[in-house]
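S.K.: The structure under discussion is supplied below as structure tokens; questions concerning it will follow.
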Amino acid sequence: MSGPFVSVSTRFEVDVAPPSDGSTRARAGRLVLPHGEVETPQFMPVGTNATVKSLSPAEVRDAGASIILANTYHLYLRPGHERIQRFGGLHRFMDWDRPILTDSGGFQVVSLGDLRVVDEDGVTFRSHIDGSVHRFTPEHAIAVQEALGSDVAVAFDQPVFPSSPREVVADATERTHRWAERSVDAHTRPDQALFGIIQGGLEPDLRAASTTFIANLPVDGICIGGLAGDESPAQRDATLDVVVPLLADDPRPRYLMGLGSPTDLLAAVHRGVDLFDSVLPARVARNGQLWIPGGRLNLRNSRFLDDPEPVQDDCPCLLCRRFSRAYLAHLFRAKELLAYRLATCHNLTFTLDFMARIRASIRAGSFPADMPDLRSRAGRSSAGEVTDKSA
RNA sequence: GGGUAGGUUGAGCAGGUGGUGAGCUCCGCUGACUGUAGAUCAGCCGUCUUCGACUGUGGGGGUUCGAUUCCCUCCCUGCCCA
């Protein structure tokens, strides 16, 4: 459907376009990358340090991941992108043979807080590891990603919290545009895709202008940044309702950065998003929260100490196939490493299976009618209210 | 049997030389987490009617206006000696 923009080995095919009646903007497609094909809508587990925390590559694959995200900033600091390059690139270094998207390090502009200073040319960081001073520019962020050899590189941007004052959002958005152009100019690898990032906060006019600006660049995909922060679901929906219609005829994938709860994923797919990533399923798993259809369980709660049932009885994951809730509850109390691994396996399996069901629903032409209404259910309520495991 | 050091809220402690002991770390309970400075963080963790109040320093007794503190006695624990 779309020809190459930057990468000659990347293309995006929309197999099922949104229905003409406007009932949903959800669509199903395939993103073809050097290391394989990614069915969309899709969720990318996050492997910041060239590992999805606590899992082996085989376990990530068995959970259903077809693409993962790694982080430019972290890998630049440790072990160093040049070292990874000497080892044959990120795929060989971490033994992951499917696609990898690298985040540019722009998000760390926000997440590292006081450890950084932004100027027009780039960002000066203080390492969160040893306090040493480093500098990222769009050109450097792209060079690092080319050395890592990810399938998809991402332009260096300046996100701000969605709730930031308009002047702050406008300033960061305009700088993000200039940095996007510089990222495009700096990018040289024809076997690596480059995605641009839209900013604009929650301001409709800034969002629209940013969408138009980024869409006019020769990039292979459109990232929607600056969300999955402190905005409300309604604000996020409203923002997507500004952005996606402007991309209705654009042949490239739309990637909402940072979104990860089932409720949020469903709502964003409905509004036309193709790709997602988030630390959420993995992080909450390490903290004891297990996702199941219709709700979630906090395995640190004492009520699970005598529960002989699996976390989810129809789940094929490493945890649910063999172990009881009681055993997992014990492992969490004992702070045994296996707890983190099993819980992460499950939440990623759940999330990726959920995305597979969304894709099947879209391809069957029945989306979103045959999807559970997570928003009114227990998707964000406490596990204590969940009693129906077959929901 | 003698000596000695102790006994503080589930555990381990801090403190306290006659006048305010509810402080810490575990454990435990609950919640949060969205492009990972996060296997983390926050709140609670004696009782109650919880912006406060009450109770609580092994038991009993004594001295004192007032005792965790001083005295007597008993119980319990560790160690040393017999």
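No value in this document is a laboratory result; all are computed from the given coordinates. Keep in mind that what you see is a predicted model, and the values were worked out from it rather than measured. Positions of Cβ are generated from backbone atoms using ideal geometry, with glycine treated the same way; all protein chains shown enter the neighbour counts.
S.K.: Neighbour counts of other C-beta atoms within 10 Å: give me A:C223, A:C315, A:C345 arranged from fewest to most.
M.R.: Fewest-to-most ranking of A:C223, A:C315, A:C345: A:C315, A:C345, A:C223.
S.K.: How much of the DSSP beta bridge set in chain A is antiparallel, as a percent to the nearest 5?
M.R.: Roughly 50 percent of the DSSP beta bridges within chain A come out antiparallel.
S.K.: Here's another thing I want to ask about it. To make sure I understand, if each residue's beta carbon is the centre and we count other beta carbons within 10 Å, what order do A:S54, A:S278 fall in, fewest to most?
M.R.: Arranged by neighbour count, lowest to highest, A:S54, A:S278 become A:S54, A:S278.
S.K.: Another question about this same structure. How far is the Cα center of segment A:326-371 from the Cα center of segment A:68-120, in Å?
M.R.: Centre-to-centre (Cα) distance: 26 Å.
S.K.: Further question: Using 7 Å Cα-to-Cβ label points, what is the A:E82/A:A234 separation (nm, one decimal)?
M.R.: 5.4
S.K.: What is the gain in length, in nm to one decimal, between A:S56 and A:T124 on full extension, counting 0.36 nm per residue of separation less the C-alpha to C-alpha distance?
M.R.: In short, 21.1 nm is gained.
S.K.: Would you mind ranking A:D353, A:D185 by Cβ crowding within 10 Å, fewest neighbours first?
M.R.: Ascending Cβ contact count within 10 Å gives the list A:D185, A:D353.
S.K.: Under the rule that an exposed site lies in a DSSP loop and has at most 16 other Cβ atoms within 10 Å, name the longest stretch of chain A with no GluC sites (Glu not before Pro) of that kind, not counting the sites themselves.
M.R.: Maximal segment without exposed cleavage sites: A:121-335.
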